[in-house]
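The block underneath contains the structure these notes are about, expressed in structure tokens.
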Amino acid sequence: MRPLKLTLSAFGPYPGETALDLESLGKSGLYLITGDTGAGKTTIFDAVTFALYGRPSGKNRESFMLRSKYADKNTPTFVELTFSYRDKVYTVRRGPEYERPKKVGEGTTIQPAVNELTMPDGKFISGKENVNSAVIGIIGITADQFTQIAMIAQGEFRELLNAKTEQRTEILRTIFMTENYKNIEFKLKDRMNASVAERDETESSIVQYFGDVRASAETELEAELTSLQDKARASKSAWNIADMLDIIDRIIVADTSETEAIGKRLQVLEKELDDLKNQRTTAEINNGFIEKAAKLRDEHKQLLERKAEIDELRVEVDRQKTATHQVAPTFNNWTAKGSENRQASQKIAESENRLAALTDAPAVKNKELEAAEENRSKADEHRRSSERIAEDRDKYVKRDKLRTELADLEKEREGLENEKKTIDTKESGLKTRIEEYKKTVSDLRDSPDKLAELTASEKEY
């Protein structure tokens, strides 16, 4: 803020209107007001301060004391200050409340206070509080700060020097407008605190996870790891993070080598297990062949036991063949005469009917009766022949059945003989494999580890 013009009227020791052209003092920003005691130096400070903030610059003076005792009763008391701030011009006019003679009549009246501010754009602001707020908003400092840094009256410079650190800091921060730097400082401090908290949390996590690291038992790495873990827990920090990472890398290398060795050993054991599984599968197949061979032997034995029965059936079939050649003509004759028998039976029935009808006339029908008797005899003979043929037919049926059974038995015997030969060949091979399997079992007994693994694998299956 740079004052350009100050006008005083009936103010302090100045009874009339006095104008000070402050713009002619230049733009250096530093001015010195000198003079004898009582010359009115402090009044200029009071006028500038009163114009800006509506109060004198000193604490031992009040606004109602600012009217000049030497002024004419009709001369108004006011201060008008024109100043620039950031290349913008403002004009503020203030007058204290004071008692003056009435213009009409006798007696006195109260002259109201004046508070007016003209903005660069011509906007007009009135009212003490409104003008004060507007000035503070423009200049950026309060009345107390202004009197301490901008205009220091006689002896009051000591107050700035004797002010508390917090007060001087606040004044200097306002003068040099370092509020933004203060905010930056606070933000940086907050970020630092957050970073420290994050670092502490990270270190705590590192210590926790490092405590879960394990090395192979009874090794130098295990002893070294235990020592580092104890130090980390005691300090609750990862100050030796390089040592932690180094031992973890060495543990990883050692575990990797051990894992590779175990993997190779596992491949060998898996191959041995596959071989044993194949041998067991072969043994199971061989056992199945052995069981089937035993079953075929039992069936062959049963067939041998039925040989006598088969021989009897073969003899019976031969007899049936002979009977077939002998009975066949009779059977054919019986078949050919079947219709004759039926016709004869019909004629006998007709003759019997006629015989019954002619009983009362024997003489007349005697010849027919004899013929009927003769036909009856023939019919009886034919009936007996039919019965014999029926008996022979049952034999033919039985013969055909025996012939079919005999053919089936012959085929079954031939199949059993062929299968027996195949089984004998397989049995010979199985005996050889069984001997090899026994030898493998014997070898496994000599190696308890392999036998235990084989037993475990069999339980899994």
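The values are calculated or read from the model by the stated rules, or taken from the named source; none is laboratory data. The structure presented is a predicted model; accordingly, all values stated were derived computationally and were not measured. Using ideal geometry, Cβ is built from the backbone for each residue, glycine included, and neighbour counts are taken over all protein chains shown. Ligands, DNA and RNA are stripped out before the accessible areas are found, and what is left, the full protein with its side chains, is counted by its heavy atoms. Shrake-Rupley method; radii C 1.70, N 1.55, O 1.52, S 1.80 Å.
Please give the per residue accessible area of the stretch 1-144, computed with a probe of 1.4 Å over protein heavy atoms only, in Å². Working shown, then result.
Numbers: 8330 Å² over 144 residues.
On a per-residue basis, the stretch 1-144 sits at 58 Å².
If DNA, RNA and ligands are ignored and the probe is 1.4 Å, what is the ranking of 192, 244 by accessible area, most exposed first? Mind showing how you got there, number by number?
On the way: 192 110, 244 5 Å².
If we order 192, 244 from most to least accessible, we get 192, 244.
Set the Förster radius R0 to 35 Å, insert the Cβ-Cβ distance between residue 133 and residue 190 as r into 1/(1 + (r/R0)^6), and round the FRET efficiency to 0.05.
Working: r = 32 Å, r/R0 = 0.90.
After rounding to 0.05, the efficiency reads 0.65.
Apply the a/c threshold of 1.5 to the C-alpha gyration tensor of the stretch 255-320 and tell me whether it is rounded, prolate or oblate. Kindly include the intermediate steps, with their values, before the conclusion.
Working: a/c = 14.74, a/b = 8.52, b/c = 1.73.
Prolate is the answer for the stretch 255-320, as a/c is 1.5 or above and a/b outweighs b/c.
Let me know the shape class of the stretch 1-45, please: from the alpha-carbon gyration tensor, a ≥ b ≥ c as square roots of the eigenvalues, rounded when a/c is under 1.5, otherwise prolate if a/b is greater than b/c, or oblate. Intermediate results must be reported in sequence, preceding the final value.
Details: a/c = 2.67, a/b = 1.42, b/c = 1.89.
Oblate.
Please give the charge dipole size of the stretch 1-52, origin at the Cα centre, charges +1 on K and R Cβ atoms and -1 on D and E Cβ atoms. Round to the nearest 20 debye. Let's see the in-between values first.
On the way: 4 positive and 5 negative charges, 39 e Å.
So the magnitude is around 180 debye.
If you roll a 1.4 Å probe over the stretch 199-293 with all protein chains in place, what percent of the accessible area is carbon or sulfur?
Working: 3620 of 6620 Å².
Roughly 55 percent, rounded to a whole number.
Please state the shape class of the stretch 156-299: rounded when a/c is under 1.5, otherwise prolate if a/b exceeds b/c and oblate if not, all from the C-alpha gyration tensor.
Numbers: a/c = 7.25, a/b = 4.03, b/c = 1.80.
It is prolate, given that a/c is not under 1.5 and a/b is the larger ratio.
Using amide H atoms built in the peptide plane, which far-off residues or other-chain residues are under 5 Å from residue 9 H to H?
Result for residue 9 returns 18, 78.
Please state the Cα pair-distance histogram of the stretch 228-288 with 5 angstrom bins from zero: what percent is in each bin?
Calculated P(r), rounded to whole percents: 4, 15, 11, 11, 8, 8, 7, 7, 6, 6, 5, 5, 4, 2, 0.
Over the stretch 1-156, consider all pairs of different Cα atoms and compute the Kirkwood hydrodynamic radius from their mean reciprocal separation; express it in Å, one decimal.
On the way: mean 1/r = 0.0618 Å⁻¹.
The answer is 16.2 Å.
Length gain on complete extension for the stretch residue 113 to residue 388, per 0.36 nm per residue less the alpha carbon to alpha carbon distance?
Length gained between residue 113 and residue 388: 82.2 nm.
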